[in-house]
Structure formats: C-alpha cells, structure tokens
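> Just passing along the structure, written as structure tokens.
Values quoted throughout were computed directly from the atomic coordinates according to the rules given, and no laboratory measurement underlies them. Note that the structure is a prediction, hence the values are computed from the model and not measured. All Cβ positions, even for glycine, are placed from backbone atoms using ideal geometry, and neighbour counts span all protein chains on display.
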Amino acid sequence: MAIPDAQAEAGNSCCKLGAFFRNRKIVLVLFIAAFALKLFMVLTAKGVAADGCAYLWLAKALPKMPSPYYPHYPPFLPILTRLFSYIFGDVELSGRMVSLFLGSLTVFPLFFLVKDIFDRKVAALTVFFYIIHPYLLQASAEVLTEATYFFLLTSIAYLAWVGIQRKKVFLFVPIGILLLLISMTRWEGLLPTFVVTGWLWLYRIRTIRKEWRWKLAASAICLGLLVIFASIFMVLFHQSPARLIRIRTNRVKANFLYGEDFYEPGLAPYLKIAQRMPRRLLLNFPDALQGLAKSYYPAFLIFLPFGLIKRKRLPRFRLGEAYILSFIMPRYLAFSANIPINDRYLYAFIPMALSWAAVGFWEIDERFSEWGPVQGKASARHWSFLTSSIIILAILGACLPRGLRPIRAHRAWQKEVGRWLKENSGLAEFTIASQKPQEAFYAGAGFHRVTWGSYEDIMLKARSAGADFLIVDRKFDRICPDFWNKLNPQDLELVSHPLAKIDEHAKIYRLKYPAQDNSKPGSQ
C-alpha cells in the first residue's frame, strides 16, 4: 500500500505544480497586457486633475508637510511620487508611474483572490474585465489615489482571506502594514481594518474556544503594527495624532452640519450627526446606487444578473462572495452619507465586484452551448467558443474606445496657459488666482483659489493673496454673475498671447495694484 500512496502523493504534487505554472503564465500575460494599456494612457495624457495638483504639490514639499495649499490630504501617494521622482525626474510623470505600476500589480492579488473564491476561469476573466474597464483603465494612469487604493485594498482582501482560511498568523504582519498604507492613501481606508478584524473573529465562530489563541495573536500583530506605525507617521506628517483627528472630524461635521456651529463643545455636534445619518442614508441610497451602477459600466452591468441570480455553473452562493461584499458595503454606506460625490470615488468598489460579471459571462456561455447546435460541423465546444468570442469582441468595442481616450484632454488648455505664463510672465515668482489649480501648477506659481462672491470680493481676496494674474474661464459667471458687468480696466489688464485656442476656454488678466495699495509686495 505504501507504493500506491507514494504514487498518489507524487501525482498530486505534479498536479499542483502544473496548476501553479498555468496560473503563473495566465497572470503574467494579463499583467503585461495591463501594463501596456496603462503605459499607453500615461504617454497620451493631456492634463492633471485638481486633486492631482494637490498631491504633486505635497510631493514637492516633502519632507516638509503638510502643504500650505491642501493641509488635509493623505500623504502616501505624495511619498511614493517623491520616491519615483528620483527615477523619472518629472514629478507629474512620477505620479502617473506610481498609478501605472500599482494599477498593473493589482492583477496579481485580484486573480488569486477570485480564483480561491470561484475558479481559474472566473479569475482570468475578472482580471481581463479589470484591465479593459474604461474608468479603471484611465484611473490607473492618473495622478490620483484610485490605482494605489485598488492595489492595497485587493492585496489586503487576498492576504486576509488566505490568512483566515488557513490560519496563517505570519500573514497578518504584511496585512497590518498594508492597513496602515491604505489609511494613508484615502481616509476611508480605515474601513478595511474593521472588515478584516470582523472576519478574523466571526469566521468559524462556533470553534472560537479552540481557535481564540491564534485569532488573538493575529489581531495583536495586525492592529499592533497598525497603531505603532500610524502613530509614527501621524507625528511626522501632521505634528500630532490629535491634529489629524481634529482635521477629519471637522470635515465630517462640516459635511453634516453645514453652516451651523460645529465647534460647539461637548457631544452636541455628534448627536446631531447621529440623528441625521439614517435620514441621509435613506435619501441618498438611490443616488449612490445609480452612481455605483454607472461606475460599474453598462458593458459589464448586463452580465451582473446572470452572475447573481439562477446560476447553473456555480449554483451555490459562496462564503467568499459575502467576503467580497463586506469590503464593498461599508464604503458604499459611508459614501451614501456624502452625496453628492464624484463618480471616481466609487471606482474602488469595481475590481473585486467584476467577479460577478465574469460569473455571469460564463453562465451565458454555458447556456449558449446548451442551446446551440451540437450535430454536424458545429460541436457544443465550437459553438461555445464562437459565442464567447463574439461577446468578448463586443465588450472590447464598448470599452476600449472610451477607455483609451487621452486623459484630461479637456484640461490641456490649462497646461498651455501655465507653461506660457512661466516663460512669459516676466516674474521670477508670481501667484495665479483661478478656480482650478492646474494653471498655477504648470506655471510653478503660487495659487489662490477663487470662490463664489461679488466682483469686489474676488478682487479684494485676490489682492490680499498677492495674486499677479487672474484666470477667467467660461464658467466664471457661475461664481461671479456680475463679473463682466463690473469689469474695470483699472483693476485688470487683459494679457495678449499667441495661444489662439486658449481664448475659447479662458482669458488671462494681470491684476493692477493702486499706488496706495500695499497689499502687493513691491507696490508703490
């Protein structure tokens, strides 16, 4: 009996080794495809988002933090951008390369997580959908936190899944570090800490008397590393944990209490928030759901019902699906209380949720193979291949034209304005007043944000900030309806420039400072 057992064990080892190499080939091909598409997006990018300017200013300011422009932005993306700038030089390119590398590396944890929960076919297709998803493709070449968040969230989900399922305490060392990094990437990155801790203790809760020791050890390692390193980073980048907590709580209170006195001492502001939270969740739930469906993208949304309802190929609802859902729902509920929000804030839900679209695809494929002709030249296998190929081509046709558009092409004029002012302003240092920071970023200038107000208010604030130029775009009348009626040549001088296309988007004005006005350094 020993020989057959040895042969069986050898056979199992060979099967596992073969599966390992097959998985490695699949995931490497997918990684190369993801990297190539995202590199194309980086090379064709035309501009940067407003938040991207904030992160790039923070990267330039390192190691001095926080930035005078955006004191509340999380520091991890600026840190990575600063490190990449030692390789790539240009800070904007460095920020895009951070997103490119981490967005491409997301392929690995996403593939193995979905493979463990479903199977290899679903995992490969999920990653393929992730690669060609138009919004995720563009986000992976932006100077924004989305791609970094994708990678960290998916890595945490995979490592925690393996660690909890197989009782691997040592895996909670990298999990603790990743939980810190994700909380430094986006402030809602604190939510995965509660999800991981909850699964650690609730999984196999009936056997907790036997397993509490390893659960306690894993929790202590994970949360201990998180607290220790978080304290160090908070002290380094925000002076003190109390300051960081105060910044975040003030932003939450401002969101819920609007113009009310949210500096009121005691628990009164928090009691008001607790009273208003359920109503806001209920009222905003449909809008948030609509935004989530839009972010999922119609080409994949049509497969979702087949991936969730009346499945034949994978009929039973799996525990791993509840696991994926647990990473989605807390963040979804948190955002439901903050409507209106930008659609890109919902993108972090999508990579793991695409697994249900992949399940739906294979469900449709299997049903087509049952309905198709199985006699003569067309076998069931050939029919299945034909139908799945047609569907894949249709998905590519729906996704790639949208996903491969140049990033921020509508912001290209701001780059031109900034670079032209940098070369032709005649000033070594100057400040630009504008609704958006892009012009100031590309000009290497100081920035003063123009907010809603009357003509007199805008001029007073711009002069108080020492602004040299004012950028007036086509939407300027939304924040200052009386601007064009009250425009005074004694206040503003139109700057002539050779950039004909710029006049379609905005006009550049030089601020004049009266002789008695000493708000501008150097004025007489």
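> Taking a temperature of 37 °C and a viscosity of 0.692 mPa s, what whole-number D in µm²/s does Stokes-Einstein yield for the stretch 410-511 with Rh from Kirkwood over alpha carbon pairs?
Result for D is 244 µm²/s.
> Continuing with the same structure: Report, ordered by chain and residue number, the lysines lying within cross-link reach of Lys25, taken as a straight Cα distance under 27 Å and ignoring same-chain residues fewer than 8 apart.
Lys16, Lys38, Lys115, Lys121, Lys168
> Among Ser425, Ser94, Ser496, Ser389, which comes first, second and so on when ranked by fewest other beta-carbon atoms within 10 Å?
Ser496, Ser389, Ser425, Ser94
> To continue, here is another question. Among Lys294/Lys507; Lys46/Lys436; Lys272/Lys461; Lys486/Lys512, which pairs are too far apart, with a Cα-Cα distance over 26 Å?
Correct reply: Lys294/Lys507; Lys272/Lys461.
> Further question: Less than 17 Å apart at the alpha-carbon level, and either on another chain or at least 8 residues along: which aspartates and glutamates does that give for Lys167?
Counting by Cα, and skipping residues close in sequence, Lys167 has these aspartates and glutamates nearby: Asp116, Glu211.
> Only counting other Cβ atoms within 10 Å, I'd like Thr44, Thr207 sorted with the fewest neighbours first.
Ascending Cβ contact count within 10 Å gives the list Thr207, Thr44.
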